[in-house]
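Some notes on the structure that comes next.
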Amino acid sequence: MNIPNRALAALACALLLAGCGQKRTEPLPPLEELPADYSLERAREDGCVVHEDGDIASGQEAWEDFLKAASSGEAASVRLVNYYTLDDPSRYDPDYYESIKDDYPLLFVSDLSFDGKTYTVSGLQDGERWTQTYSHLKRFEDKAETHSAVYDSYIRYVLVDDDTVTWRQLMHGALSSQFGDYIPFHSVYTDYVYNE
């Protein structure tokens, strides 16, 4: 059978696109087995929920799948990756910038799981596993907190034990923790909507 080159190219393109849309079926390796040079690109390839400098950058479909399963009471898990860079050096004291610039970019990997009742987030710090468990995953959506913010609004998902707490209360507690007002929480997803 003689297939024209254009038809072969179209078929190859369709197969490639179909492959890109497939979900990852094999489980991710445990955090302890990630290579020391685990990269942002690899995290994207692995289908992780990736935040770059605090804002969601990729993995929204994995996040939506996790939310759907958890809201149905099904066990679910997702890998979270937070990637931080240093922005404009002129925003820093020159000596301070020189002291920290070699530490960036930073990449933090953690796992979020839901067992049908509670949410557990865990990661590695200095080779030691840390784990935090919460009873609720709360969604916050609102306009920017200040007029000087570069974003217009946000959606945040935060792990908490008190389902009635507000974002303002969490921020007040974090800023005034020396007065004993701190409310334990762990932010796991942020989507900023930027001004046009």
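The values are calculated or read from the model by the stated rules, or taken from the named source; none is laboratory data. Model, not experiment: these values are computed from the prediction. Don't worry about glycine lacking a Cβ; one is built from the backbone with ideal geometry, like all the others, and counts go over all protein chains shown. We work out accessible area using only protein heavy atoms, side chains counted, and drop any ligands, DNA or RNA first. Shrake-Rupley method; radii C 1.70, N 1.55, O 1.52, S 1.80 Å.
Quick look at the numbers
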{"read-out": "Residue in segment 161-184 that is out of contact with any Pro (no Cβ under 8 Å at 6 or more places or on another chain), at pLDDT 90 or above, on the phi > 0 side of the Ramachandran plot and not charged (D, E, K, R) present", "value": "no"}
{"read-out": "Selection from segment 141-196 of residues that are basic (Lys, Arg) and in contact with a helix residue (DSSP H, G or I) (Cβ under 9 Å, 6 or more places away or on another chain)", "value": "156"}
{"read-out": "Hey, residue 133 open to solvent by 70 Å² or more (accessible area, probe 1.4 Å), assigned to a strand (DSSP E or B) and polar (S, T, N, Q) or not", "value": "yes"}
{"read-out": "Pairs, first more than 20 Å from residue 106 (Cβ to Cβ) in segment 65-94, second open to solvent by less than 40 Å² (accessible area, probe 1.4 Å) and in a helix (DSSP H, G or I), C-beta under 8 Å, six or more apart", "value": "75/69; 76/66; 76/69; 76/70; 77/66; 78/62; 78/63; 78/66"}
{"read-out": "Candidates 121, 109, filtered to the one that is surrounded by 13 or more Cβ atoms within 10 Å (Cβ to Cβ), part of a strand (DSSP E or B) and touching a Ser or Thr at 6+ places or on another chain (Cβ under 7 Å)", "value": "121"}
{"read-out": "Close pairs (7 angstrom Cβ cut-off, 6 or more residues apart or separate chains): within 21 Å of residue 159 (Cα to Cα) and free of Cβ contacts under 8 Å to residues at least 40 places away in the same chain in segment 104-117, assigned to a strand (DSSP E or B) and open to solvent by 30 Å² or more (accessible area, probe 1.4 Å) anywhere", "value": "108/82; 113/77; 113/120"}
{"read-out": "Residue tally, condition hydroxyl-bearing (Ser, Thr, Tyr), open to solvent by 20 Å² or more (accessible area, probe 1.4 Å) and free of Cβ contacts under 8 Å to residues at least 40 places away in the same chain, over segment 136-156", "value": "2"}
